[in-house]
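What follows is a single structure, written as structure tokens, with notes after it.
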Amino acid sequence: MTTHITTEQRVRDDLPQDSAARPGRGWALAGVAAGLLGFATTILSAEAGAAYVDGKVQEADGVIASLNGHVPQLIAFHVVATLTVLALVPFGVGLHRRLRAALGADSLVPGVAAFGILGTALVVLMGTALNTEFIFGVAGDTPLAVPEAATVFNHWIATVPWVWGLTGLTGWALFRSWRQGAVRAWLGIAAGVLGTLSLLLTVVPLQYMAGWTGSVMVVLVGLGLAFGDRGAQ
């Protein structure tokens, strides 16, 4: 007696057959959001207090009084900076997947590109690390924070969240990706130029200015990979 077993695999006709092989563009749009939120983070942190007035250093009592009058801006800065971090993470991971699909598992380029973005996310997160302590410490009629400590906090939030220098590594990685045919020429060149500026500003040291060049690069790369990518989308 011979027994035949027949297996039949049914495929749904209402789904595109290649849908599993085509990741969406949400991760790239997260990069656009991260770059724009990065701009907002720097602006809000600069407006949250005044360690300098007309180019002159403020006394510690003047700084804490300024922070006391900008508690809403401090809260907005914290929220926007945290959203920046949350947007940078999927962008960095998605960028790694995109470049690895084009360059192969042995290439170091995808890892370097992702490290630049994820490292920046950690820096921005650390830029918010003192917020809870000082938002509540400077608020009210009788602030709890020591004026000198509040002055350090003012300098902290006006510097650390701006340090996007590691995005320079992402820029160089994308430039290399273009040289290997993995991304479009304009994207690779623009990322390379802006990434180089971010790294130079970090080395000089004018690292806080990399918040501008890094944010611009992240927005451009996100837009390019969301709407003009020729790779596996």
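The values are calculated or read from the model by the stated rules, or taken from the named source; none is laboratory data. Note that the structure is a prediction, hence the values are computed from the model and not measured. Every residue, glycine as well, gets a Cβ built from its backbone with ideal geometry; the counts of neighbours run over all protein chains shown. All accessible areas refer to the heavy atoms of the entire protein, side chains included, with ligands and DNA or RNA removed. Shrake-Rupley method; radii C 1.70, N 1.55, O 1.52, S 1.80 Å.
Numerical summary
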| quantity | calculated |
| --- | --- |
| Some residue of region 206-225 being within 13 Å of the chain's Cα centre (by Cα), over 30 Å from GLN58 (Cα atoms), open to solvent by 50 Å² or more (accessible area, probe 1.4 Å) and at pLDDT 95 or above | yes |
| Any helices (runs of 4 or more DSSP H) falling wholly within region 115-233 and containing at least 1 residues that are farther than 17 Å from GLY35 by Cα and without any contact (Cβ under 8 Å) to a residue 24 or more places away in the chain | 131-138, 147-157, 167-179, 185-203 |
| Enumeration of residues in region 183-200 that are in contact with a Gly (Cβ under 7 Å, 6 or more places away or on another chain) and open to solvent by 10 Å² or more (accessible area, probe 1.4 Å) | ARG184, LEU194, THR196, LEU199 |
| Meets criteria (touching a residue at least 24 places away in the same chain (Cβ under 8 Å) and within 23 Å of GLY165 (Cβ to Cβ)) for THR84 | yes |
| Some residue of region 142-160 being of a type in the set (Ser, Thr, Tyr), under 23 Å from VAL203 (Cα atoms) and surrounded by 18 or more Cβ atoms within 10 Å (Cβ to Cβ) | no |
| Inter-residue pairs, beta-carbon under 6 Å, first more than 18 Å from ALA191 (Cα to Cα) and at pLDDT 95 or above and in region 88-109, second assigned to a helix (DSSP H, G or I) and open to solvent by less than 60 Å² (accessible area, probe 1.4 Å), 6+ apart | VAL89/ALA121; PRO90/TRP27; PRO90/ALA30 |
| Only listed residue being more than 15 Å from LEU44 (Cβ to Cβ) and surrounded by fewer than 19 Cβ atoms within 10 Å (Cβ to Cβ), chosen from ALA129, ALA76, ALA114, ALA87 | ALA129 |
